[in-house]
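The values are calculated or read from the model by the stated rules, or taken from the named source; none is laboratory data. Everything quoted here is computed from the prediction, not taken from an experiment. Glycine gets a Cβ as well: all are built from the backbone with ideal geometry, and neighbour counts include every protein chain shown. The area values use the complete protein model at the heavy-atom level, side chains included, leaving out ligands, DNA and RNA. Shrake-Rupley method; radii C 1.70, N 1.55, O 1.52, S 1.80 Å.
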Amino acid sequence: MMTFKTLDDLTDIAGKRVLVRVDLNVPVKDGKVTDATRIERVVPTIRELSEKGAKVILLAHFGRPKGEPVADMSLSTIAPDVEDILDHRVQFAADCIGEKAGTAVTAMNNGDVLLLENTRFHKGEEKNDPDFIKALAVNGDIYVNDAFSAAHRAHASTEGLAQVLPAYAGRTMQAELEALEKGLGNPKRPVVAIVGGAKVSTKIDLLMNLVKKVDALVIGGGMANTFIAARGTDVGKSLCEHDLAETAKKIMIEAASSGCAIVLPVDGVVAREFKAGADNEVVDIDAIPADAMVLDVGPKSIAAVNEWVSKAETLVWNGPLGAFEIAPFDKATVAVARHAAARTRSGALVSVAGGGDTVSAMNHAEVADDLSYVSTAGGAFLEWMEGKPLPGVDILNQAK
């Protein structure tokens, strides 16, 4: 069980300079933010601190500038969107350290919000350099981390600052950690995990960790074909990593020894081409035509997965069950997601989803607001599911 300080532990902060690490690494096209979800997630923390009279100083990265200023990776692009969504004036400083940052911080009044320039414009950020940490810390009295999505990186603004300033979890970080604790840390059983997506190779550590922690592991998407092929079944032209057959067998053996049921498709929706509206048919998984590919799981498989979801008290979900971006190969993902959402709404299920395409899949199924928690933290969410340490979280647990 993790213990960490939250904003509830912060008192008398009027006039205090609070360095808040947020995630503003949002998609931008033609200079406009196309998905503001991550900005929206950090609004409660910013607003709460501002309303309590703190001087709120935002730290964030944007893109991969590799330690050098890059014009189209300036957070000045994002500042207007932060201001609009926050409904509060947001000032901007053209650097995150040094004179430009210091002058802007000094000019702040209580309740003001200031966004500092991209932390990754300095090499010291990703190196977690002590001198860079000090240069950041000189402008703050308190450190708040509200960027779980960057917590798997031991960078200056995600881990280093917590070593030198009183450290707290922001509201988004708090919600994420509490959801993850319910998901795998200390879950109600039975626990069912759904893992989909294209390749086993990207999720070996994840699968090996989950089979030791959950009661049933549902495998879907292209990666299911690798497991099916490993059992000796011909998967036709389906996406399949045949060279990972032995790895798939090891995962199944580990699951058996851990008492974890592996749930694989028993039927599939196959087509000869991968395009919207392609001619398709449902076949049993041992009758896949040699010239066809599986693009979704079939109705019998959906029923089997939903039966497991009905038994579960906790559900952890990463990755779609089929090629949900293209109709009609979204049926399984949508059907199972809506069943999970209904059980969550009834109070019978704790459901935590995230990583990769999962957020898009849950939005497509129109259930993102009905699950217990949907994480926008791709890499950090996956590393948590893999059981790996997250430096930005661990330091909060250690911080005094």
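The residue of segment 253-275 that is most open to solvent (accessible area, probe 1.4 Å), among those that are aliphatic (A, V, I, L, M) and more than 20 Å from I288 (Cβ to Cβ), is I253.
Contact annotation: residue pairs with Cβ atoms under 7 Å, 6 or more positions apart or on different chains, pairing a residue in segment 145-170 that is in contact (Cβ under 8 Å) with a residue 24 or more places away in the chain with a partner that is open to solvent by 10 Å² or more (accessible area, probe 1.4 Å) and of a type in the set (F, W, Y), are A156/F132; A169/F4.
Of all the listed residues (G111, G102, G98), the sole one being touching a Ser or Thr at 6+ places or on another chain (Cβ under 7 Å) and farther than 16 Å from V22 by Cβ is G111. Residues of segment 226-247 that are open to solvent by 30 Å² or more (accessible area, probe 1.4 Å), in a helix (DSSP H, G or I) and either at pLDDT below 95 or more than 17 Å from M293 (Cβ to Cβ) (or both): D243, E246, T247. For segment 57-72, the set of residues classified as touching a His at 6+ places or on another chain (Cβ under 9 Å) and buried (at least 18 other Cβ atoms within 10 Å of the Cβ) consists of H61 only. Being part of a helix (DSSP H, G or I), within 20 Å of the chain's Cα centre (by Cα) and charged (D, E, K, R), is that true of even one residue in segment 146-158? No: zero hits.
Within segment 184-206, residues that are more than 27 Å from E325 (Cα to Cα) and of a type in the set (A, V, I, L, M, F, W, C) have Cβ atoms under 9 Å from residues that are assigned to a loop (DSSP other than H, G, I, E, B) and modelled with pLDDT under 90 in these pairs: L184/G387, counting only partners at least 6 apart in sequence or on another chain.
Elements of the type helices (runs of 4 or more DSSP H) sitting completely within segment 36-128 and holding at least 2 residues that are over 27 Å from the mean Cα position of the chain (by Cα) and not small (G, A, S): these cover 98-106. Per the conditions (1) crowded, with 23+ Cβ neighbours inside 10 Å; (2) within 19 Å of the chain's Cα centre (by Cα); (3) outside any loop (DSSP other than H, G, I, E, B), the sole criterion not satisfied by M223 is (2). Of the residues making up segment 308-334, those that are farther than 14 Å from G222 by Cα and open to solvent by 10 Å² or more (accessible area, probe 1.4 Å) are W308, S310, K311, E313, I326, A327, P328, K331, V334. Answer yes or no: is there a residue in segment 120-133 that is open to solvent by 20 Å² or more (accessible area, probe 1.4 Å) and aromatic (F, W, Y). Yes: segment 120-133 contains one or more residues that are open to solvent by 20 Å² or more (accessible area, probe 1.4 Å) and aromatic (F, W, Y).
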